[in-house]
Amino acid sequence: MPRDSWQRQRTRCRSGHECRQLSLALILAWADAHYQRTGGWPGVYSGRVYTGPLGETWRKLDNALRYGLRGLPSGTSLAQLLTRYRGVRNCQQLRLLEEEQILQWAQAHHRRTGIWPKPNTGPVQEQPGEWWRNVDAALRQGRRGLPGNSSLAKLFAQRLGLRTRANPPRLTEAGILAWADAHWERTGSWPNRRSGLLVEAPGETWHALDTALQQGHRGLRGKSSLAQLLGEHRGIRTRARLPCLTLPQILRWALGNYHRQGNWPTARSGAVAEECGETWSGIDTALRKGLRGLPGGLSLAQLLEPTRGQRED
């Protein structure tokens with residue numbers, strides 16, 4: 001069949017009448033009217049053309065643009081037409097991205113809002129049509145000219161030095177000890193894993209440091225703890241490193257308490273004045289359970305009973 005005869009058949013409607021000839025300007029005018037009516041640009045699945053003739057659909061227009069029907073040049077599409085003349089984002093022809101460009105958008109966002117963008121932040125105000133979730137996906141998947149295996153968080157951490165939950169900064173035992181010293185100078189007590197936030201390192205918590213010491217995260221060797229680190233390098237008393245006790249030693253402390261207060265200590269007598277960090281309750285527990293080098297099966301009251309009788313006599 002001759003090409004011109006085939007073309008004439010292709011331009012006939014189902015009713016047998018010649019379809020209306022089209023122009024790019026006419027399609028763009030219909031698209032503008034669609035945007036004004038709906039707030040969005042038409043696509044292939046947008047159905048009928050509201051301001052066009054009866055039976056006209058956006059799919060038919062797209063086919064005419066693709067195959068050069070109804071007086072139109074071939075080799076384009078509805079999406080490409082809107083991208084070229086109306087600047088509409090085309091998922092098949094997205095602009096290439098560069099890390100420097102993304103960083104500039106992020107810094108502008110931070111100057112405007114005071115926070116750094118995340119994938120769920122929404123549209124990129126500095127680049128209409130872009131969304132932070134799409135930029136993050138391109139960084140992760142290596143699309144649109146990016147190398148891949150990255151993300152917004154990783155990019156900000158590597159290029160801007162920002163702290164992120166996924167990429168926290170590395171730690172050293174010397175650095176943790178310096179923070180502990182500062183905590184002691186400020187509060188008069190040594191920190192533990194429940195001491196909360198670090199004033200000296202915004203974003204850090206003593207709980208996170210203790211976990212990193214135990215599990216060997218963030219550059220630490222592991223199999224340690226905050227209490228163990230302070231015990232080894234600052235001589236801080238910890239439950240895991242309590243000194244051994246002897247019965248004569250306990251008796252001397254009890255005798256000192258008797259001379260000072262006029263009565264013998266009990267498990268409820270509080271701190272042992274003769275030994276910093278010791279309590280009579282802890283000593284009673286060690287005596288009963290056989291902890292810290294003691295034989296066990298004995299209480300503080302039972303230990304002091306003979307001595308109490310001798311002194312009172």
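Of the residues making up region 254-275, those that are crowded, with 18+ Cβ neighbours inside 10 Å and under 53 Å from the mean Cα position of the chain (by Cα) number 3.
Among the residues of region 85-121, just one is at pLDDT 85 or above and farther than 26 Å from residue 153 by Cα, namely 85.
Of the residues 229, 287, 245, 251, the single one that is surrounded by 13 or more Cβ atoms within 10 Å (Cβ to Cβ) and part of a loop (DSSP other than H, G, I, E, B) is 245.
Within region 57-75, the set of residues being buried (at least 17 other Cβ atoms within 10 Å of the Cβ) and assigned to a loop (DSSP other than H, G, I, E, B) comprises 69, 70, 72. Scanning region 165-187 for residues that are surrounded by 15 or more Cβ atoms within 10 Å (Cβ to Cβ), outside any helix (DSSP H, G or I) and charged (D, E, K, R) turns up nothing.
Residues in region 42-80 that are more than 18 Å from residue 25 (Cβ to Cβ), touching a strand residue (DSSP E or B) at 6+ places or on another chain (Cβ under 7 Å) and not basic (Lys, Arg): 2 in all.
The single condition from (1) more than 29 Å from residue 189 (Cβ to Cβ); (2) among the polar types (S, T, N, Q); (3) not in a loop (DSSP other than H, G, I, E, B) that residue 263 fails is (3). Considering 54, 94, the condition of being surrounded by fewer than 17 Cβ atoms within 10 Å (Cβ to Cβ), within 30 Å of residue 147 (Cβ to Cβ) and aliphatic (A, V, I, L, M) is satisfied by 94 alone.
Select from region 126-154 the residues that are of a type in the set (S, T, N, Q) and surrounded by 15 or more Cβ atoms within 10 Å (Cβ to Cβ) and write down the one among them that is nearest to residue 83 (Cα to Cα). Walk me through it before giving the result.
Going residue by residue through region 126-154, those that are of a type in the set (S, T, N, Q) are 127, 134, 141, 149-151.
Next cut, surrounded by 15 or more Cβ atoms within 10 Å (Cβ to Cβ) only: 127, 134, 150-151.
On the way: 127: 15, 134: 18, 150: 29, 151: 27 Å.
For region 126-154, the residue satisfying everything is 127.
The values are calculated or read from the model by the stated rules, or taken from the named source; none is laboratory data. Everything numeric here is computed off the predicted structure, so don't read it as measured data. Note that each Cβ is placed from the backbone with ideal geometry, even for glycine, and that neighbours are counted across all protein chains shown.
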